[in-house]
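Below: the structure, in structure tokens.
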Amino acid sequence: MASLVKQGVVLSEPGKKPKYKIQRQGDDIWLPNAVVDGVESEIPPVTKIRQTQDPMVLRLFVELYAQQNLREDGGISRKVTEKAFKREKIGQRGAHVVWLYEVDNTYLRWGNAATDPHRLKGVDDLAP
């Protein structure tokens, strides 16, 4: 607790029974119970992330969850990440063509709240 107080994340009211108050920044993000508690006997996703012992991984997970819009984008917006596909014609029957799509590359975009805290300082845009 002392470390959190020293960093200004938590305010402390000293006394026989000290009281602590978390300094809130930004908007609340509500994660579904299944993400925090897991479903049936599975290990919850948040527990697996915590096991990495990397706070930036947990931060990225929460920020990506906050950025997602399932209804409009089908998940994480293309403003954050996108995939490029290779297309190959594999068949045709009359006027109908059958195409095979394979992921060619995945791209991450900088300049948004989810990715910017993870960008290395002094490094230009990285290739995918």
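The values are calculated or read from the model by the stated rules, or taken from the named source; none is laboratory data. Quick caveat: nothing in here was measured; it's all calculated off a predicted structure. Virtual Cβ from ideal backbone geometry, glycine too; neighbours counted across all protein chains shown. All accessible areas refer to the heavy atoms of the entire protein, side chains included, with ligands and DNA or RNA removed. Shrake-Rupley method; radii C 1.70, N 1.55, O 1.52, S 1.80 Å.
When the range 41-66 is limited to residues that are out of contact with any Leu (no Cβ under 8 Å at 6 or more places or on another chain) and among the aliphatic types (A, V, I, L, M), the one that is modelled with the highest pLDDT turns out to be 43.
Given the structure, is residue 28 more than 30 Å from residue 103 (Cα to Cα), acidic (Asp, Glu) and modelled with pLDDT of 90 or more? When the stated conditions are applied, residue 28 does not pass them.
Restricting to the range 21-41, name every residue that is β-branched (Val, Ile, Thr) and open to solvent by 100 Å² or more (accessible area, probe 1.4 Å). Break it down into steps so the answer makes sense when it comes.
Step one: of the range 21-41, the residues β-branched (Val, Ile, Thr) are 22, 29, 35-36, 39.
Hit for the range 21-41 is 22, nothing else.
Selection of first residues in the range 13-26 that are of a type in the set (A, V, I, L, M, F, W, C) and of second residues that are outside any loop (DSSP other than H, G, I, E, B) and at pLDDT 85 or above, restricted to Cβ pairs under 6 Å at least 6 apart or on distinct chains, gives the following pairs, ordered by first then second residue: 22/10.
Would you say residue 112 is open to solvent by less than 60 Å² (accessible area, probe 1.4 Å) and either modelled with pLDDT of 90 or more or basic (Lys, Arg) (or both)? In short, no.
Looking only at helices (runs of 4 or more DSSP H) that fall completely inside the range 12-128, which ones have 2 or more residues that are touching a helix residue (DSSP H, G or I) at 6+ places or on another chain (Cβ under 6 Å)?
Counting at least 2 such residues, we get 33-37, 45-50, 55-67.
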